[in-house]
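The values are calculated or read from the model by the stated rules, or taken from the named source; none is laboratory data. From a predicted model like this one, the values you see are computed outputs, not experimental measurements. Positions of Cβ are backbone-derived with ideal geometry, glycine not excepted, and every protein chain shown enters the neighbour counts.
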Amino acid sequence: MIQLTHVSKLYRDFVAINDLNLHVHAGEIVGIIGHNGAGKSTTLKMIAGLVAPTAGSIRVLGRDIEKESVAIKRDIGFLPEESPLYENMTARQYLLFFSELYRLPRRVAHTQIEALLDSLKLPEKDKLTGEFSKGMKRKVAIARALLHDPRLLILDEPNAGLDPLTSFFIINYLRTLKRAGKTILLSAHNLFHVEYVCDRVAILKNGRLLVFDTMEAIRRGLGQREYQVIFKADESLDFERRDGNYVFRTNDVGGIARVLERISERNWALVDLSVQESALEEIYVKLMTN
Ligand code: ATP
């Protein structure tokens, strides 16, 4: 779906992206994270065909983005980091205006606009977008990116400035889009959301790709997993005690298996068994500060 090969981007002599290789498969949600100025927006804009790479090649939907950008853009919905709206239009008028730019047949446009207003929960259909809250404006911008029913969605910080509930609504909406067959590439600073929604995560630092993998693999490689078992025993043991129970913690799965076996052999009562994994945030902070 998206293939970046040895892509670099220089702004005069400043290296914003340095030898980036990235392959996004059809139907997945990929998140790009990184510090301010890491190169996330530059990467997304290059993939959307809005900024030309200085070196390397970018193929989107099997085509070279530089040579066939017009054809590819029909299949891309792009949400920029900042997306000012025409403030004296209602959401419906604004989307209708864009549907004309996309040359959508009127009837298709109307059906699509009503479906988007409805699924994005934009009920105040007669209000001008200039009177909208930040979250509502963002939803209209997302609707605009989806208007022509693109196969690929590129979203630069879709949740920027949104309250937790609206953010979560948008994140869940992305899942719905994925189920409908869309491929989604997004950037975000809220790592909890990235962890929740993304199939794979790319971590950028100073224009370089540090990691690109599934959350499971990132946790396995860079995070920690701790198993904890809490149990009651009718004899005195050399274990941590908590609330009259014994607590055993380890990151060795073999160790936990041995303790569970012992609990079972002795007929002790198992109170709780849990696994704690490093959150993406913890791994990210470790990577960025090393
Ligand atoms: P943020 O999280 O703050 O949005 P980002 O990861 O999206 O940051 P980019 O906007 O891609 O970062 O910028 C990467 C680097 O390239 C920054 O140092 C930025 O100053 C620089 N840069 C971006 N656009 C231009 C431009 N048009 N001209 C010169 N430098 C630029």
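Here's a check for you: in the range 1-26, which residue that is under 19 Å from Phe78 (Cβ atoms) and of a type outside the set (A, V, I, L, M) is nearest to the ligand (Cβ to nearest atom)?
By that ranking, first place goes to Lys9.
Pull out all pairs, ordered by first then second residue, where Cβ-Cβ is under 7 Å, the residues are six or more apart or on different chains, the first lies in the range 86-102 and is without any contact (Cβ under 8 Å) to a residue 24 or more places away in the chain, and the second is in a helix (DSSP H, G or I) and among the hydrophobic types (A, V, I, L, M, F, W, C).
Note: pairs meeting the criteria are Leu96/Ala109; Leu96/Ile113.
With buried (at least 16 other Cβ atoms within 10 Å of the Cβ) and under 15 Å from Leu79 (Cβ atoms) as the only criterion, which of Leu116, Leu128, Leu122, Leu104 stands out?
Leu116
Would a scan of the range 51-72 turn up a residue that is polar (S, T, N, Q), touching a residue at least 60 places away in the same chain (Cβ under 8 Å), within 16 Å of the ligand (Cβ to nearest atom) and not in a helix (DSSP H, G or I)?
Within the range 51-72, the first condition is being polar (S, T, N, Q), and the residues that meet it are 54, 57, 69.
Those left that are additionally touching a residue at least 60 places away in the same chain (Cβ under 8 Å): none.
Taking every residue of the range 51-72 in turn, none turns out to be polar (S, T, N, Q), touching a residue at least 60 places away in the same chain (Cβ under 8 Å), within 16 Å of the ligand (Cβ to nearest atom) and not in a helix (DSSP H, G or I).
Quick check on Val7: is it touching a residue at least 60 places away in the same chain (Cβ under 8 Å) and surrounded by 14 or more Cβ atoms within 10 Å (Cβ to Cβ)?
No; evaluated as a whole, the condition is false for this residue.
For the range 66-88, how many residues are modelled with pLDDT of 90 or more and either surrounded by 19 or more Cβ atoms within 10 Å (Cβ to Cβ) or basic (Lys, Arg) (or both)?
4
Do you know which residues across the range 73-119 are assigned to a loop (DSSP other than H, G, I, E, B) and either within 17 Å of Pro150 (Cα to Cα) or of a type in the set (D, E, K, R) (or both)?
Arg74, Asp75, Pro80, Glu81, Glu82, Glu87, Tyr102, Arg103, Leu104, Pro105
Check the range 30-38 and report whether any residue there is away from the ligand (no atom under 14 Å from the Cβ) and more than 27 Å from Arg179 (Cβ to Cβ).
No: zero hits.
Among the numbered criteria (1) more than 17 Å from the chain's Cα centre (by Cα); (2) within 20 Å of Ile32 (Cα to Cα), which single criterion is violated by Gly130?
Failed condition: (2).
Being more than 17 Å from Ser8 (Cα to Cα), assigned by TED's automatic domain parsing to the domain that holds Val15 and over 22 Å from the mean Cα position of the chain (by Cα) narrows it down to one of Leu61, Leu79, Leu104, so name that one.
Going through Leu61, Leu79, Leu104 in turn, the sole match is Leu104.
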